[in-house]
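Comments concern the structure below.
The values are calculated or read from the model by the stated rules, or taken from the named source; none is laboratory data. All figures in this text were calculated on a predicted structure; none of them were measured in a lab. Please note: Cβ atoms are built from the backbone with ideal geometry, for glycine as well, and neighbour counts cover all protein chains shown. The area values use the complete protein model at the heavy-atom level, side chains included, leaving out ligands, DNA and RNA. Shrake-Rupley method; radii C 1.70, N 1.55, O 1.52, S 1.80 Å.
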There are 2 protein chains.
Amino acid sequence: MQTDLSKKFGIEYPIFGFTPSEHVAAAISRAGGLGVLGCVRFNDPEELDAVLTWMDENTDGKPYGVDIVMPAKVPTEGTAVDLDSLIPAEHPAFVDRTLTELGVPPLGDDAEHATGVLGWLHSVARSHVDVALAHRPALIANALGSPPKDVIDLAHEKGVPVAALAGAVEHAKRHVENGVDIVIAQGYEAGGHTGEVASMVLWPEIVDAIGDSAAVLAAGGVGSGRQVAAALALGASGVWMGSYWLTTSEYKLGSAANGPSSIQRALLGASSSDTVRSRIYSGKPARLLKTKWTEAWSKPDAPSPLPMPLQNILVSEAHQRISAGNDPEVVAMPVGQIVGRMNEIRPVAEVMAELVDGYDKAVEKLNQAR
Amino acid sequence: MQTDLSKKFGIEYPIFGFTPSEHVAAAISRAGGLGVLGCVRFNDPEELDAVLTWMDENTDGKPYGVDIVMPAKVPTEGTAVDLDSLIPAEHPAFVDRTLTELGVPPLGDDAEHATGVLGWLHSVARSHVDVALAHRPALIANALGSPPKDVIDLAHEKGVPVAALAGAVEHAKRHVENGVDIVIAQGYEAGGHTGEVASMVLWPEIVDAIGDSAAVLAAGGVGSGRQVAAALALGASGVWMGSYWLTTSEYKLGSAANGPSSIQRALLGASSSDTVRSRIYSGKPARLLKTKWTEAWSKPDAPSPLPMPLQNILVSEAHQRISAGNDPEVVAMPVGQIVGRMNEIRPVAEVMAELVDGYDKAVEKLNQAR
């Protein structure tokens, strides 16, 4: 399972794994893919720096990447306090009422109250880039489209290719015009931010639209070797998987000391129909696990979600409470429709071996059908 | 490009082509696929009988199928006049107002006013089955799920396999329990009636869920040989294509004497983002071309669509007026996201040759990547 892109990165398989967990990211790189660490959760650049030092030391010298969340257009930006003043009173009242109705306990007296994921903010995302480039990232990806031109230029000066997510052909073309090296074509079925066009249609459409000017990674709906084979058959140079790593053994974010977290238990029980595309997580349409929390926001009395970055600031303490509440029926978590296949907790290496084996069998089947 | 299913049907390629046009269906069968004639437009059984006689004579002895629209549960049913009384006055008033606003002319004095597509009604669909079985169909497909048990038994007595559309795993399982031989797994991106789960996730999920108990045809997003290869890689035994034939030269429904119809011109200009999933066509969620007509129904003053079969009865004369109006910006037409690839009018044989060639190239590419 080699493509020009996997050869370029010097990795065994063209499988790019996005994850907020450094333990999962490192395991993906060690297993022959490219682990890409999501940085949006690091409000403190020093924490990210320490984690990337850990990555440097725990990837057996194999390449890894980082994923930032940086709008191409720099938004007007203030401190978290300034932004708070833009949130209408109706919204926090709805959030509080809903959490009470769903039985989510308040935070303990000793908890540090979340101020919102500042990683959505431009200044914080830019500090992520600076911190990352002091390590040895093999890729900088931007989950919100093209990074600003000076960030692309800076990465290129350091010899680091830049990837950007696209949910439609015109976005992909714009990324390439902006100097992006790899377009991540993210279909409707994907977890997190996603557009309306589904992977089967979107992937080959973007491959055809950008030709040889950039490589295409196929994202949205990938969790088996058959889907990797489908992605390459459709013209992609590799796959970008995010959701599927959330139920690996190495994923410990939000976990109690032993056993799966409430989020993982919710994911293990969900079918492919148990997701919803909504603006309630970040302010932009993102696919989330369907739970009592997402259902509350779709009721007639719910307010409309706020624009990015206000919506995430609005719900950040709610996310913290929900996470601490540990109820698998009340979860706030981006995940794709592939969640229907996420039915057991397994080590990353086992997932990777199954992807490779499934790929080989799928190609064998196609050869028999010729 | 041979699978067990194509061998079973004695066809060259496992490409099943659904179309309301007998000219297209016959051309698909002659080109090595299985043309499946959609019967819902035939209110008069004698007209269907004549068309199937034409199919018998124009398919070079090759197999073809028929597609009916028959709910498994027999709905309470009356004449068209009884059903009219169930339509609230607000709805036809909205339809009339909208058509006027969109500049759609009234029907000419000599036009026969449409009474609604009676093919949606159980009694009419059943007459389609009886008429079809007097010919030599190789397949009876039901676009609304499992046909009633006695219809399945009747088809099996005559040696005719039965196929049914499914948009979710539980529907597929139910079809198999009901005795259906082929499940058509129809992803979110498909035209016409469709569920929420996209093809990349739905196809392998249904393949795994029903195992060897039925064959799976992959539907939703197929319009190139790469997509056929992806479907087989994902475990399907063939593909079911509908939208893609609407821009073939043989498709003449709704056409003026020369050149493409207003519908075809609208399809040729549309991108993959120019569709919408809505209940306004039949009462159940179906993907349609996004035009001024569908946009009108999504405005705040629009009433909620009625349940099946009332909604189609409500809009049938509007569809007739829209079709006669010949304005590519005001069109009422089911089509999938693959419409973004439908950019020229070509003969069915040319489309089929391209599918086969694209399939071979995709498999070749996969072999090189091993």
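Key figures
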{"quantity": "Residue count, the stretch B:293-317 (criterion: among the hydroxyl-bearing types (Ser, Thr, Tyr), assigned to a loop (DSSP other than H, G, I, E, B) and under 24 Å from residue B:267 (Cβ atoms))", "calculated": "1"}
{"quantity": "Subset of the stretch B:210-242 (residues that are facing another protein chain (nearest Cβ under 10 Å) and farther than 20 Å from residue A:369 by Cα)", "calculated": "B:220, B:221"}
{"quantity": "Search result, residues across the stretch B:239-263 that are of a type outside the set (Asp, Glu) and modelled with pLDDT of 95 or more", "calculated": "B:239, B:240, B:241, B:242, B:243, B:244, B:245, B:246, B:247, B:248, B:249, B:251"}
{"quantity": "Some residue of the stretch A:240-251 being over 16 Å from the mean Cα position of the chain (by Cα) and either of a type in the set (D, E, K, R) or under 27 Å from residue B:195 (Cβ atoms) (or both)", "calculated": "yes"}
{"quantity": "Neighbours by Cβ (under 7 Å, 6+ apart or cross-chain): first from the stretch A:120-141, assigned by TED's automatic domain parsing to the domain that holds residue A:153 and among the charged types (D, E, K, R); second in a helix (DSSP H, G or I) and modelled with pLDDT of 95 or more", "calculated": "A:136/A:56"}
{"quantity": "Residue ID - surrounded by the fewest Cβ atoms within 10 Å (Cβ to Cβ), chosen from residues in the stretch B:158-168 that are under 27 Å from residue A:195 (Cβ atoms) and touching a Leu at 6+ places or on another chain (Cβ under 8 Å)", "calculated": "B:168"}
{"quantity": "Residues (more than 14 Å from every other protein chain (Cβ to nearest Cβ), open to solvent by 10 Å² or more (accessible area, probe 1.4 Å) and either of a type in the set (D, E, K, R) or outside any strand (DSSP E or B) (or both)) located in the stretch B:178-209", "calculated": "B:178, B:179, B:181"}
{"quantity": "Subset of the stretch B:323-370 [assigned to a helix (DSSP H, G or I) and away from chain A (no Cβ under 14 Å)]", "calculated": "B:323, B:324, B:325, B:348, B:349, B:350, B:351, B:352, B:353"}
{"quantity": "Conditions (1) modelled with pLDDT under 95; (2) closer than 30 Å to residue B:225 by Cβ; number of the one not met by residue B:79", "calculated": "(2)"}
{"quantity": "Subset of the stretch B:215-260 that is surrounded by fewer than 23 Cβ atoms within 10 Å (Cβ to Cβ) and without any contact (Cβ under 8 Å) to a residue 60 or more places away in the chain - its residue that is farthest from residue B:324 (Cα to Cα)", "calculated": "B:235"}
{"quantity": "Residue list for the stretch A:28-50, restricted to those being touching a helix residue (DSSP H, G or I) at 6+ places or on another chain (Cβ under 6 Å), open to solvent by 10 Å² or more (accessible area, probe 1.4 Å) and modelled with pLDDT under 95", "calculated": "A:40, A:43, A:45"}
{"quantity": "Selected residue (criterion: nearest to the other protein chains (Cβ to nearest Cβ)) from residues of the stretch B:261-276 that are of a type outside the set (S, T, N, Q) and surrounded by 20 or more Cβ atoms within 10 Å (Cβ to Cβ)", "calculated": "B:270"}
{"quantity": "Of residues in the stretch B:6-27 being open to solvent by less than 10 Å² (accessible area, probe 1.4 Å) and within 23 Å of residue B:144 (Cα to Cα), the one nearest to the chain's Cα centre (by Cα)", "calculated": "B:19"}
{"quantity": "Selected residue [in the same structural domain as residue B:51 (by TED's automatic domain parsing), modelled with pLDDT of 95 or more, under 23 Å from residue B:28 (Cβ atoms) and in contact with a strand residue (DSSP E or B) (Cβ under 8 Å, 6 or more places away or on another chain)] from B:236, B:286, B:229, B:270", "calculated": "B:236"}
{"quantity": "Residue identified as closer than 23 Å to residue A:195 by Cβ and of a type in the set (S, T, N, Q) among A:304, A:323, A:316", "calculated": "A:304"}
{"quantity": "One residue from B:33, B:10 being more than 14 Å from chain A (Cβ to nearest Cβ), in contact with a Phe, Trp or Tyr (Cβ under 9 Å, 6 or more places away or on another chain) and of a type outside the set (Val, Ile, Thr)", "calculated": "B:33"}
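Rundown of residues vs (1) open to solvent by less than 50 Å² (accessible area, probe 1.4 Å); (2) under 30 Å from residue B:122 (Cα atoms), yes/no style:
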{"site": "B:291", "(1), (2)": "yes, no"}
{"site": "B:299", "(1), (2)": "no, no"}
{"site": "B:337", "(1), (2)": "yes, yes"}
{"site": "B:352", "(1), (2)": "yes, no"}
